[in-house]
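**Q** Please read through the structure below; I'll follow up with questions.
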Amino acid sequence: MRIWRWSGLAMALALALSGRWVDAWVAMLVALAQVVAWRSDLPRRWEAATTIVALVAAVSSYAHLYERVPGWDIPVHAALTGCLAVLAAHVLRRPSTRTIICAGAVMAVGWEVLELWGHQQVDARVEVAPWDTAGDIAAGLGGSLVAARLVACGRHVGGTYRCAAPARTVKPHPGPEERS
């Protein structure tokens, strides 16, 4: 049994028992990602990365690092969106570069919509300034691009790991010497 698979749920329970309800809900999102990664049989390195990055994102929220450390949200958005995009593509059984990038774009925009809702309904301290939103979406998309490339490079080919060459579907035009 891998105890780290339950860390998000344990954190949510501890936060709920201490009366920190918003933080407990954030921890439940970590637990959800952990359970989906585990139950969908995500490759172990991606499951571990998703767990670690989701925990870092949640703890950063509890410790107010997003407010205390300028720009901290950018690498967190990039890493978390990239990991979650790989998870979503794996759940959809389509771990292609295109699916990972599209899933990441949808999640980045969706998260910003949730931040706007959270600003209006939960906590006015949630940052929703236009430049913050644009930066977060760009970071999420960038993280998805990097994750898609890592998945493409991590495919097992002939006993070693190497980047897969793009498939050629169209033959090049013949040169003048080949036309006769």
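**Q** Of the residues in segment 1-25, how many are within 18 Å of Leu80 (Cβ to Cβ), surrounded by fewer than 21 Cβ atoms within 10 Å (Cβ to Cβ) and either of a type outside the set (A, V, I, L, M, F, W, C) or touching a Ser or Thr at 6+ places or on another chain (Cβ under 7 Å) (or both)?
**A** So the answer is 4.
**Q** Using beta carbons and a limit of 7 Å, which pairs, at least six apart or on different chains, have the first residue in segment 20-35 and within 18 Å of Val91 (Cβ to Cβ) and the second one of a type in the set (D, E, K, R)?
**A** Gln34/Arg5
**Q** While we're here: Suppose the filter is in contact (Cβ under 8 Å) with a residue 24 or more places away in the chain, outside any loop (DSSP other than H, G, I, E, B), crowded, with 18+ Cβ neighbours inside 10 Å and not aliphatic (A, V, I, L, M); does Trp46 pass it? Can you show your working first?
**A** Working: in contact (Cβ under 8 Å) with a residue 24 or more places away in the chain: yes; outside any loop (DSSP other than H, G, I, E, B): yes; crowded, with 18+ Cβ neighbours inside 10 Å: yes; not aliphatic (A, V, I, L, M): yes.
So Trp46 passes the test.
**Q** Restricting to segment 42-61, what's the tally of residues that are farther than 13 Å from Gly8 by Cα, within 12 Å of the chain's Cα centre (by Cα) and of a type in the set (A, V, I, L, M)?
**A** The number of residues fulfilling the criteria is 1.
**Q** In this structure, is Thr51 polar (S, T, N, Q), crowded, with 21+ Cβ neighbours inside 10 Å, in a helix (DSSP H, G or I) and in contact with a Phe, Trp or Tyr (Cβ under 7 Å, 6 or more places away or on another chain)? Spell out how you get there, then give the answer.
**A** On the way: polar (S, T, N, Q): yes; crowded, with 21+ Cβ neighbours inside 10 Å: yes; in a helix (DSSP H, G or I): yes; in contact with a Phe, Trp or Tyr (Cβ under 7 Å, 6 or more places away or on another chain): yes.
For Thr51, the condition - polar (S, T, N, Q), crowded, with 21+ Cβ neighbours inside 10 Å, in a helix (DSSP H, G or I) and in contact with a Phe, Trp or Tyr (Cβ under 7 Å, 6 or more places away or on another chain) - is met.
Readers should treat all values here as calculations from the given coordinates under stated rules, not as data from a laboratory. If you're wondering where the values come from, they're calculated on a predicted model, not measured in any experiment. Backbone-built Cβ (ideal geometry, glycine too); neighbour counts: all protein chains shown.
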